[in-house]
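Throughout, read-outs are computed from the coordinates displayed, never taken from laboratory work. Bear in mind the structure is a predicted one, so any value in this text is a computation, not a measurement. With ideal geometry, Cβ positions are generated from the backbone for all residues, glycine too; neighbour counts draw on all protein chains shown.
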Amino acid sequence: MIPYRSVLVIGGGTAGWLAAAYLQRTLGANPDYPVDICLIESKEIETIGVGEATVPTLRQTMQTLDIPETALFAHADATLKNGIRFVGWRNGGGTEVDRYDHPFDAPLLSEGYSAMAHWLNLKQRGRIAAPFADVGVVQTALFDGNLSPKLMQSPKYEAPVPYAYHLDAIRLAALLREVSTGRGVRHIIGDVVRVETNESGIKAVELADGSRHEADLFIDCTGFRSLLLGDALGVPWISYGDTLLCDRAVACPVAYKDAATPLRSYTTCTAKDSGWVWEIDLQSRRGSGYVYSSAFCSDDEAVATLRQHHGAAEPLAEPRLLSMRIGHRARMWEKNCLALGLASGFIEPLESTGIYLIEHAVQMFIDYLPAPGGAGHSQARYNTAMSDLYDELRDFILAHYVLSQRRDTPFWRAHTQDVKVPDTLANLLALWDEKIPNSTDINRRLSLFGPHNWFFILSGLHRLPAHGIGQTPYISPEASVRALAHIAKIRQAAVAQSPTMRDYAQKVRSAAVNAPGRP
C-alpha cells in the first residue's frame, strides 16, 4: 500500500462534507505533497437534515477545521446545548415528577470524594431528597433559566462549562461544503451507476454521464445503502435490532409562538407509548420528531403522536418519515475504502452520537494512516476499536430503556422484560449495584461517555446501589453537606452571570452577519 495521492468521497451531507473538510485540512495542506480530494454527490439524493443535536467533541473538530464559531450561528442556525432533559422515562408520570437531566459537566471533587459519593452519603442517611443532577453539578442550573453555557465575553470555543451545539444539518453541510471547496476540494454532481473493484478494493466509479473516476482512497458516505463498502465490497452488517427496538422516526419542525420565545439550551427527550420525542431549539425554529418502533406503532399513529405532542404549535413542513437501520458494518475500513456516517453504522439518536461517530472515525483514521509498508495491523486495530465503540454506545443507549420502571405499554414491557441485555452491559450494571461508576470500570479509556455520564442515567432512573456504598461510613454527613453547599454557591453564580440562550445567539449572529468576509 502506498501513501494516498488522491481521495474520492462518494456522497455529500454532513458525513461527506465533514470528511472532505477534515481530510483537506490534514492530508491536503502540504504543498510539497499534494493530495487531490474530490467529492461526488447525487443531485437527486436529499440530505436527511432533521436538525442535529451534538456532543462537545464537535467544538474541537470545528477548531481543527479553522471555522469561526460565529459561522455556526450565522450559517447553521446554531444554538448551544448544556445537555439533555429526559421526561417520562422513569415511570411515565405517576405521583412524582418524572424527569432527569444529563448535563455535560463532571461532578466536582471535595474533601477527597466526588460529589456522587457525597450525594449518595446523604441520600443513604435520609438527609437529601433532591435529584443528584440538581445538586451535584453546576450545569443543570442553566437548564431551567434557558441560559447559555457561554458568557457574552467568552472566547471562541471556550466557556466556563462544557457545551455542544444544536444545528440545522442541511445548513451545516452547506457551510462545510463552502469551506471545503474554498480550500481546494473538487466538487462533482453526478450519480454513481457502476463501481469497479480489484484486489486493492475499489478501482473506480462510473457516473451516469459516462465519466470514470479513480482514486487511491475511497470514502463511502452513501448513507444506509453503503454503495461502496456494503454493495461493492460485500462487508456484512451487524444488527442491533434485537436490543435497540426503535427503527423508525417521523420528523416535523414547528414554529415558535413569537420572536421572543425562550430558546432552551438543552435537548428534550420525552418518552411516549412506543418511543420518544425529541425537541431541539434552533434560532429560527424548533426541530422535533418521534423515534419509535414499527413493531409497536404504525406510521399514522406516530404522526398523530407527534402532532398531539406539538399541540397548538404551527408545523413548518409536512411530517417526514424516516427508516433507521440500527447497527454497524462488520468492518468500517476495508482495503482502500473507508465508510463514514450511515454507510458505516447508526445508533439511534437518543444521546446525539451521529455526528460524533463521523468525527471520531475520520480522526482515528488519520491516526492509523498506512505507511508505505502497508496497513494490515493498523486497519485491523481500527476496525476493532470502532466495533468496540459501537458496542459501548449501544450499551449506554440501551441502559436508558432497560432501567426504566415503565411497564405500561407493550413497547416498554418489551424493553424492560423481554430484551436480552448484552453481557457487557449486564456486568456493568451488576458492578454498579455495589459501587459508584469509575473510569476503570469501562474498558475503553477514551470512551465518549465516562463514569459520571453513566451516573446521571443510573441516578435519574433510581438504579442506585441497593445496600449503599462502601465509602459512607468514612464520610461524615457534615463533609457532604459542605461539599454540596459549595456546589450550590457555584450554581448561583453561574445563573447570575449567564445570558439567556436567545440573547447570546442574537448577539453572536448579528456580529457574524455584520463582520466582513465569509468563513
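Roughly how many Å is it from the Cα centre of the range 365-426 to that of the range 173-199, as a whole number?
Between the Cα centres of the range 365-426 and the range 173-199 lies a distance of 30 Å.
May I ask you to order 308-317, 290-299, 494-503 by the average number of other C-beta atoms within 10 Å around their residues, highest value first?
The densest-packed peptide leads the list: 290-299, 494-503, 308-317.
Using the per-residue mean of other Cβ atoms lying within 10 Å as a proxy for protection, in what order, highest first, do the peptides 341-351, 181-191, 222-232 fall?
Averaged packing, sorted descending, gives the order 341-351, 222-232, 181-191.
Just check the range 367-519 against the gyration tensor rule for me: Cα atoms, a ≥ b ≥ c as the square roots of the eigenvalues, rounded for a/c under 1.5, and otherwise prolate or oblate depending on whether a/b exceeds b/c.
Cα axes put the range 367-519 in the oblate bin.
Just from its helices, what would the mean residue ellipticity at 222 nm be for the chain, if runs of 4 or more DSSP H residues each count -39500 (n - 2.57) and the sum is divided by every residue, rounded to the nearest 500 deg cm²/dmol?
-10000 deg cm²/dmol
I need the P(r) histogram for the range 449-519: all alpha carbon pairs, bin width 5 Å from 0 out to the longest distance, whole percents.
Bin by bin from 0 Å, the calculated values are 3, 11, 10, 12, 17, 13, 9, 8, 7, 5, 4, 3, 0.
Averaged over every viewing direction, what's the projected area of the C-alpha convex hull for the range 140-219? Give it in nm², one decimal, please.
Taking the Cα atoms of the range 140-219, their convex hull projects to 9.5 nm² on average.
Apply the membrane-span-like helix rule to the chain: whole DSSP H runs, Cα extent along the own long axis of at least 18 Å, mean Kyte-Doolittle hydropathy at least 0.5. List the helices found.
169-182, 354-367
Less than 11 Å from a label point 7 Å out along the Cα-to-Cβ axis of D36: which backbone N atoms in the range 193-219 qualify, by residue?
213-216
Out of the trypsin sites (Lys or Arg not before Pro) in the range 96-131, which ones are loop residues according to DSSP with at most 13 other C-beta atoms within 10 Å?
Listed in order of number, the matching sites are R125, R127.
Specify whether the C-alpha gyration tensor of the range 295-336 places it in the rounded, prolate or oblate class, a ≥ b ≥ c being the square roots of the eigenvalues: rounded for a/c under 1.5, otherwise prolate if a/b is larger than b/c and oblate if not.
Taking the square roots of the gyration eigenvalues as a ≥ b ≥ c, the range 295-336 is prolate.
Can you return the aspartates and glutamates within cross-link range of K123? Criterion is Cα-Cα under 14 Å, with same-chain partners fewer than 8 residues away left out.
Counting by Cα, and skipping residues close in sequence, K123 has these aspartates and glutamates nearby: D134, E478.
Using DSSP to define loop residues, name the GluC sites (Glu not before Pro) in the range 194-224 whose beta-carbon has at most 13 other beta-carbon atoms within 10 Å.
In loop regions of the range 194-224 (DSSP not H, G, I, E or B), the sparsely surrounded GluC sites (Glu not before Pro) are E199.
For q values of 0.19, 0.20 Å⁻¹, compute log₁₀ I(q)/I(0) with the Debye formula on a Cα-only model of the range 258-406, without solvent.
Reported log10 I(q)/I(0), two decimals: -1.18, -1.24.
Below 8 Å between Cα atoms, with a sequence gap of 6+, how large is the relative contact order for the chain in percent?
Relative contact order of the chain: 24 percent.
Can you tell me which lysines have their Cα less than 29 Å from the Cα of K43? Leave out same-chain residues fewer than eight positions away.
Straight-distance partners of K43: K203, K335.
Grab the other residues whose beta carbon is less than 11 angstrom from that of A488, score K and R as +1, D and E as -1, and report the net.
That sum, taken over residues with Cβ under 11 Å, equals +2.
Report the net charge of residues surrounding P319, where surrounding means a beta-carbon distance below 11 angstrom and charges are Lys +1, Arg +1, Asp -1, Glu -1.
-1
On a 23 Å Cα-Cα criterion, which of the cross-link pairs K156/K507; K81/K257; K81/K507; K156/K257 come out too long?
K156/K257
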